[in-house]
Amino acid sequence: MDGAMFEPFDLLNLHFKNCILAPPRSENQANTNGTVNASMIRHYQEHASQGVGAIIIESAYVTKQGRSHVSQLGISEEEHLEGLEKLIRAIKKEGVVVGIRLAHAGAKTSDEICGEQPISPSVINMGKDYSTSRGFDRGDCEEINMFFIHAAERAEEVGADFIEINGTQQFLFDQCLSLRFNTRDDEYGSQTIASRLKLSLDVIQSIRERISDKMPISYYFSIHDKLEDGFVAEDLKIMVELLEQSGADIFHPATIHAMNKFFDTDETFIEWVAKYTDKTIVAEGNIKSPQVLKEIHSIGIAKLFALDKTLFSRPQWYQFLSRKLIA
């Protein structure tokens, strides 16, 4: 049974040589203008050559306004395209499916890094390393929507197989969903999940209308920090259903540990997500040993398994993994 993880399969118009996905192990490796450099290409080539079936390239800012770090990868300008195309081509030489994560930092940046006062759902200061943001207005939302559309089109142009929207890591869409960061009382806030998700939903729907139907859209999200604010199973249900309706093809829920139980039940996060969608689900969360991978695979829900960096630090990790699980 476990050997099936290492068999080729087709999913979402893509051919995967196995179920193992390499999520971004490190971020902010680019040049200061957001372009790809030689060390980045070597970094991703190394992962690809180890035998992984899919790779997600680290978060790329869709506009300088949403840049979180001076060395963050960019996909906002034409100058970013040549390097991204080289990077993706190098990964694909190993027969690996390639996704790229699109991001806007929201308040998780500074005016020095992003070139202006950061924007977010409400006025936020996320700590001494960040500038106090201003609450966005409808005009800002229209611009953000266009930034993501253009970034998705660039991703398609440089050869990415799928895109992933960053809805976690306390970036913009995560800030919108959080009652702690979003105190608005308009269509982008209030107490409803639909309102707090509106910007994300608009972006996904707009991207879906502009890029090829064959290019999947993944949504990367988490709910851990929202549970203490009253986030319940019904909220997750609404969230997943709305994201699917807007055009999400892949759900990538992030959790501290893939086998952790949620909502005072014996069910994991991916089991809860699967209650509300038949779309593809990625399992991630401290999967750093063959045993944990075997346990999460045995649930029979996830199609792709994002492995922890601890496992990737082992020399010839893929051979080690397949030996342990097939034996």
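Rule-based calculations on the coordinates, nothing more; no lab input. What you see is a predicted model, and the numbers here were worked out from it, not measured in a lab. A quick note on method: Cβ atoms are made from the backbone with ideal geometry, for glycine too, and the neighbour counts reach across all protein chains shown.
Data for the structure
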| read-out | value |
| --- | --- |
| Whether region 1-136 is rounded, prolate or oblate, judged on the alpha carbon gyration tensor where a/c under 1.5 counts as rounded | prolate |
| Region 56-96 and region 157-227: distance between their alpha carbon centers, rounded to Å | 20 Å |
| By average C-beta atoms within 10 angstrom, highest first, the peptides 210-217, 26-33, 313-320 | 210-217, 26-33, 313-320 |
| Low-density loop positions, GluC sites (Glu not before Pro), region 166-260 - DSSP coil, at most 12 other Cβ in 10 Å | Glu228 |
| P(r) of region 194-327 over all Cα-Cα pairs, binned every 10 Å from zero, in whole percent | 11, 39, 31, 17, 3 |
| Packing rank of 220-226, 178-184, where each peptide gets the mean count of other beta carbons within 10 Å, highest leading | 220-226, 178-184 |
| Relative contact order (percent, whole number), the chain, Cα cutoff 8 Å, 6+ residue spacing | 14 percent |
| Global geometry of the chain, whether rounded, prolate or oblate, following the gyration tensor of its Cα atoms and the 1.5 cut on a/c | oblate |
